[in-house]
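Here is the structure we will look at.
The values are calculated or read from the model by the stated rules, or taken from the named source; none is laboratory data. This is a predicted model, so every value here is computed, not measured. A quick note on method: Cβ atoms are made from the backbone with ideal geometry, for glycine too, and the neighbour counts reach across all protein chains shown. Heavy atoms of the whole protein, side chains included, go into the accessibility calculation; ligands, DNA and RNA do not. Shrake-Rupley method; radii C 1.70, N 1.55, O 1.52, S 1.80 Å.
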Amino acid sequence: MVKYSIVVPFHNEEENVTILYARLKQAMEQVGDSFEMVLVDDGSNDRTCKLLEEIAAVDSRVLVVKLRRNFGQTSALAAGFDHSDGEFVLAMDGDLQHDPNDIPAFLEKLDEGYDVVSGWRKVRIDNFILRRIPSACANWIMARLSGVPLHDFGTTFKAYRREIIQSIPLYGELHRFIPALASWYGASICEIPIQHSIRERGKSHYGLGRTFRVFFDLITIRFLLKYMSRPLHFFGGFGILGMLAGSVMAAMLLGMKLMHPGMDLMLRHGPMFIIASVLIVAGIQLLAIGLLGELVVRHYYSNQRSASYTVDRLVRLVSADEQSLMSERQDGIL
């Protein structure tokens with residue numbers, strides 16, 4: 001097992017692949033410990049995959065994971081994490097906006113005992129209105145909802161202990177909320193400032209529409225952090241309140257009918273009768289949803305999770321030691 005795994009997802013980054021590889025190689029060789037680079041091609045339709053395979057053909061420390069189509073950044077990261085062997089796992093973007101020279105600072109914090117080290121783009125240089133303001137709002141809300149006091153949840157540049165990242169299910173756009181999910185598992189988390197460079201080559205895959213998807217993910221994260229293992233407490237609470245309110249209103253209507261037998265209840269209190277009925281029925285439905293959620297949670301914890309991606313192929317150069325070992329095994333068989 002190597003000590004460090006660097007996971008980098010790529011999608012149409014042909015202009016940045018070889019430059020990032022050279023910078024990563026130089027930075028990690030200066031660290032001095034064993035490492036591997038897990039480079040994930042997330043369904044690129046340019047020369048990205050070809051360049052990655054050329055790199056893997058000359059460096060046995062590089063593993064290329066080619067996905068069958070574009071599954072998105074979260075699934076690409078999950079594929080990289082699943083195929084990494086390092087004791088510690090680092091993740092970063094493939095657009096050269098993350099500086100590999102910041103990696104030693106992450107490793108230093110891991111050596112201090114932290115489980116998750118998150119990068120903080122303290123000085124951001126991207127668009128103020130379209131990127132920085134929405135990001136600042138989302139980060140502020142996320143910090144309040146999750147209870148994890150980070151300034152920057154959105155950056156991919158993070159480092160993890162292997163046992164932590166393997167315990168977190170990733171799908172949708174949840175990669176940006178890994179620290180919040182890790183806190184649910186009791187992980188110790190810290191944040192360090194990182195360099196933020198402007199994209200020099202290629203086209204950005206981020207837009208304003210992504211901000212709205214992040215808003216829905218915030219709601220998901222809040223629910224997961226508080227009610228992931230007990231959904232009945234959430235839905236059942238609202239269900240009981242609805243049933244209680246509807247029952248009180250129904251009791252009032254029944255009392256009025258008993259006190260005034262000749263009164264046309266629907267004519268005089270029709271809206272109240274309908275509201276009471278809807279509240280009772282909705283309360284029962286919410287209670288049923290909570291019970292179904294409990295069954296789903298039980299199924300989740302009792303069955304192995306399936307991956308949110310499919311791999312087309314893995315490309316890796318066999319080292320001299322591995323070739324020697326394979327030859328010895330073949331000789332033994334013969």
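Worth pointing out:
- Taking all protein chains together and rolling a 1.4 Å probe, F238 ends up with roughly 120 Å² accessible.
- Under 20 Å from the D312 label point (7 Å along Cα→beta-carbon), backbone N, segment 12-30: 12-18
- The mean sequence distance of close C-alpha pairs (under 8 Å, at least 6 residues apart), as a share of the length of segment 12-106, puts its relative contact order at 35 percent.
- Based on protein heavy atoms only, segment 1-120 ends up with 36 Å² per residue of surface accessible to a 1.4 Å probe.
- What segment 132-203 shows is 44 Å² of accessible area per residue, with the surface traced by a 1.4 Å probe over protein heavy atoms.
- Taking the average, over residues, of other Cβ atoms within 10 Å as the packing measure, peptides 135-142, 259-266 rank 135-142, 259-266 from highest down.
- Tensor-based shape of segment 32-161 (alpha-carbon gyration tensor, a/c under 1.5 rounded, otherwise prolate or oblate): oblate
- When its C-alpha radius of gyration is set against 2.2 N^0.38 Å (N residues), segment 1-81 gives a value of 1.04.
- Rounded, prolate or oblate (a/c below 1.5 giving rounded, otherwise prolate when a/b exceeds b/c) for segment 42-87 by Cα gyration tensor: oblate
- Close amide-amide hydrogen proximity is noted between V40 and V8, F10, V65, each under 5 Å apart and 5 or more residues distant or on a separate chain (H modeled in the peptide plane; Pro and chain starts excluded).
- Potential lengthening between F223 and I133 on full extension [0.36 nm per residue; Cα-Cα distance subtracted]: 29.9 nm
- Under a model in which nothing but the beta-carbon of Lys, Arg (+1) and Asp, Glu (-1) is charged, segment 80-161 shows a dipole of about 620 debye around its Cα centre.
- The GluC sites (Glu not before Pro) of segment 39-148 that meet both conditions, a loop assignment by DSSP and at most 14 other Cβ atoms within 10 Å of the site Cβ, are E112.
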